[in-house]
1. Considering every residue within the stretch 216-230, establish whether at least one is polar (S, T, N, Q), buried (at least 16 other Cβ atoms within 10 Å of the Cβ) and either part of a helix (DSSP H, G or I) or modelled with pLDDT of 90 or more (or both).
2. Just checking, does the stretch 167-188 include any residue being more than 27 Å from residue 49 (Cβ to Cβ) and of a type in the set (Asp, Glu)?
3. Within the stretch 176-215, track down each residue that is open to solvent by less than 40 Å² (accessible area, probe 1.4 Å), aliphatic (A, V, I, L, M) and either in a loop (DSSP other than H, G, I, E, B) or at pLDDT below 80 (or both).
4. Specify the residue that is nearest to residue 152 (Cα to Cα); the eligible residues are those in the stretch 56-80 that are modelled with pLDDT under 90 and not hydrophobic (A, V, I, L, M, F, W, C).
5. Within the group 46, 63, which residue is over 15 Å from the mean Cα position of the chain (by Cα), in a helix (DSSP H, G or I), surrounded by fewer than 14 Cβ atoms within 10 Å (Cβ to Cβ) and of a type in the set (Val, Ile, Thr)?
6. Given (1) hydrophobic (A, V, I, L, M, F, W, C); (2) assigned to a helix (DSSP H, G or I); (3) open to solvent by less than 80 Å² (accessible area, probe 1.4 Å), identify the lone condition not met by residue 57.
7. Of these, 110, 96, which one is under 30 Å from residue 132 (Cβ atoms), without any contact (Cβ under 8 Å) to a residue 12 or more places away in the chain and open to solvent by 40 Å² or more (accessible area, probe 1.4 Å)?
Amino acid sequence: MMNLNLNHQHLSGLMAGFKGAISNVFLMVLTFYVGTELRAVNLSKVDLILPPPYLMLFCSLLVFERKAILNVLSVEFQQITPRQTQHWQWFQKSWYFWILMLMSVIWRSYFRIVILVFPLLGYIYSQFQLTYATANWPLKIPYWMAFGWIAYRELRLVADIIEPPDHPVSVVNEWLSRALQILLITVFMTTLTVLMKGQIDLSQGLYKGILHSLPFMIIVFTFFYVPIRWVEILTDAIDCHTKIQVVLFWLTTYLLMLTALEPRILTLEF
């Protein structure tokens with residue numbers, strides 16, 4: 001009986017190591033279909049400007065995002081192995097870690113403020129025939145407060161990653177937290193699709209298009225995409241315990257970025 005329990009735990013651990021790769025594939029499909037819907041209702045051809053009901057929905061999720069992040073961080077860092085802890089402590093001391101943290105604060109704040117919060121405030125102001133430019137300075141305070149709130153949360157996230165939270169999280173709360181993160185990630189991935197449309201030239205075929213864009217895509221992946229998904233990538237990477245799991249995780253993570261930037265890769269329509 002003891003051997004059966006040990007084997008079951010070992011098998012569960014191995015399966016958990018593929019969670020990040022499975023999540024990437026799921027998010028790839030979700031981003032394609034939900035992203036198609038969001039782009040269909042987009043009010044701009046240059047940026048992602050969502051209608052008010054969508055803004056209200058996703059801004060309401062932002063209110064609970066920090067709690068969701070703390071739940072996921074707590075769950076993942078409670079199961080980190082001693083070997084991973086050593087690697088993590090070494091990585092925290094590297095210059096690359098702090099560049100990622102800086103980019104994370106910048107881009108995570110930017111996406112939440114520019115894509116969701118400010119457009120919602122703009123819609124509310126428009127109901128009173130006001131804009132940020134025409135409003136008196138006291139009426140601009142909500143914009144400044146919103147900016148400060150988002151920036152403060154992202155700076156606190158830096159501290160949470162350096163000193164991860166350690167509190168009990170029920171299975172229900174864990175998966176609700178992960179679901180909330182996935183919904184917000186889908187919005188931001190769709191934003192990447194709109195902002196970087198045409199960066200991958202598929203006119204000469206899929207292989208050549210990806211190969212020719214590889215240098216630029218590596219820069220985007222490292223300093224733009226990873227910081228935006230910093231929490232999810234960090235926590236999913238913790239689950240990887242074998243080389244195969246690590247390779248598969250990073251491969252699907254990169255493929256997810258490519259399919260977000262160029263959804264035609266999934267449909268093979270060039």
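The values are calculated or read from the model by the stated rules, or taken from the named source; none is laboratory data. Note that this is a predicted model, so its numbers are computed, not measured. We place every Cβ from the backbone using ideal geometry, glycine too, and count neighbours over all the protein chains shown. Remember, those area values only see protein heavy atoms, side chains included, never the ligands or the DNA or RNA. Shrake-Rupley method; radii C 1.70, N 1.55, O 1.52, S 1.80 Å.
1. No, the stretch 216-230 contains no residue that is polar (S, T, N, Q), buried (at least 16 other Cβ atoms within 10 Å of the Cβ) and either part of a helix (DSSP H, G or I) or modelled with pLDDT of 90 or more (or both).
2. Yes; the residues of the stretch 167-188 include at least one that is more than 27 Å from residue 49 (Cβ to Cβ) and of a type in the set (Asp, Glu).
3. Those that are open to solvent by less than 40 Å² (accessible area, probe 1.4 Å), aliphatic (A, V, I, L, M) and either in a loop (DSSP other than H, G, I, E, B) or at pLDDT below 80 (or both): 196, 200, 202.
4. Per the criteria, the residue is 76.
5. 63
6. (3)
7. 110
Yes/no per residue for (1) in contact with an Asp or Glu (Cβ under 9 Å, 6 or more places away or on another chain); (2) surrounded by 16 or more Cβ atoms within 10 Å (Cβ to Cβ); (3) aromatic (Phe, Trp, Tyr):
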| position | (1), (2), (3) |
| --- | --- |
| 129 | no, no, no |
| 132 | no, no, yes |
| 139 | no, no, no |
| 144 | no, no, yes |
| 152 | no, no, yes |
| 164 | yes, yes, no |
| 169 | no, yes, no |
